[in-house]
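Just below is one structure, and these are the notes that go with it.
The values are calculated or read from the model by the stated rules, or taken from the named source; none is laboratory data. In this text the structure is predicted, and so the values were computed from the model without any measurement. Cβ coordinates were reconstructed from backbone atoms using ideal geometry, including for glycine residues, and neighbour counts include every protein chain displayed. Heavy atoms of the whole protein, side chains included, go into the accessibility calculation; ligands, DNA and RNA do not. Shrake-Rupley method; radii C 1.70, N 1.55, O 1.52, S 1.80 Å.
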Amino acid sequence: MSEERKHYRPSWDDYFMAIAKIVASRGTCDRLYAGTVLVKNKRIISTGYNGSPPNLPHCDDVGHLLEEGHCVRTIHGEHNALLQAAVQGSTSTVGSTLYTKYGPCIHCVKYIIACGVKRVVIGEIYRNEKSVDILKEAGVEVDFYQENPEWNEEVLKIFSEKIPVRVNEGEIEMEVKKDE
């Protein structure tokens with residue numbers, strides 16, 4: 001008989017930062033796997049990761065396009081999340097919160113400010129601490145995400161659990177493999 005596991009409900013910051021980390025896994029530039037989630041009224045309005053524009057080759061496939069030590073083939077996760085919100089066109093970014101695995105670069109900071117984002121939650125600074133100062137100077141609230149060990153443990157459990165298969169007799173025909 002399996003032991004029933006107690007449900008752990010994450011804080012909003014834990015929840016959205018975990019999603020930003022998962023989004024980062026879609027990245028196509030191995031120089032940095034960054035992920036971003038743009039949220040408004042506790043609902044995700046877009047996500048973004050470091051990757052090439054649609055229909056163009058990715059670093060993973062053709063290599064980096066470096067200028068002054070920076071890969072310019074990709075669009076950063078923060079910028080991609082803002083662009084995705086614009087392309088979808090179903091909501092405004094004004095007053096939103098941006099969760100990002102790494103602190104945004106100076107260019108992304110300018111886009112974040114121009115799009116009216118009110119709060120940025122940063123997992124960790126990547127290169128430039130000045131970007132935080134610029135966000136604050138523009139009136140954007142900046143918070144550094146504090147890792148929650150209890151939530152991290154829960155995420156590991158969530159991703160290691162098997163998904164139970166439920167079959168209503170006669171409605172679905174499928175082969176269900178039993179553990180041996």
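At a glance:
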read-out	value
Qualifying residue in the stretch 58-78 (condition: closer than 24 Å to ASP133 by Cβ, in contact with a Gly (Cβ under 7 Å, 6 or more places away or on another chain) and among the hydroxyl-bearing types (Ser, Thr, Tyr))	no
Positions within the stretch 1-44 being open to solvent by 20 Å² or more (accessible area, probe 1.4 Å), at pLDDT 95 or above, of a type in the set (D, E, K, R) and in contact with a helix residue (DSSP H, G or I) (Cβ under 8 Å, 6 or more places away or on another chain), in sequence order	LYS42
THR47 being touching a helix residue (DSSP H, G or I) at 6+ places or on another chain (Cβ under 6 Å) and part of a strand (DSSP E or B)	yes
Pair list, Cβ < 7 Å and 6+ apart or interchain, from the stretch 104-126 residues that are open to solvent by less than 50 Å² (accessible area, probe 1.4 Å) to residues that are aromatic (Phe, Trp, Tyr) and part of a loop (DSSP other than H, G, I, E, B)	VAL121/TYR145; ILE122/TYR145; GLY123/TYR145
Given (1) more than 14 Å from ILE45 (Cα to Cα); (2) open to solvent by 70 Å² or more (accessible area, probe 1.4 Å); (3) of a type outside the set (Lys, Arg), number of the condition ALA86 does not satisfy	(1)
Residue match in the stretch 81-103 (condition: farther than 22 Å from GLY48 by Cβ and out of contact with any Cys (no Cβ under 7 Å at 6 or more places or on another chain))	no
Subset of the stretch 131-144 that is surrounded by 12 or more Cβ atoms within 10 Å (Cβ to Cβ) and either of a type in the set (Gly, Ala, Ser) or out of contact with any strand residue (DSSP E or B) (no Cβ under 7 Å at 6 or more places or on another chain) (or both) - its residue that is farthest from TYR111 (Cα to Cα)	ASP133
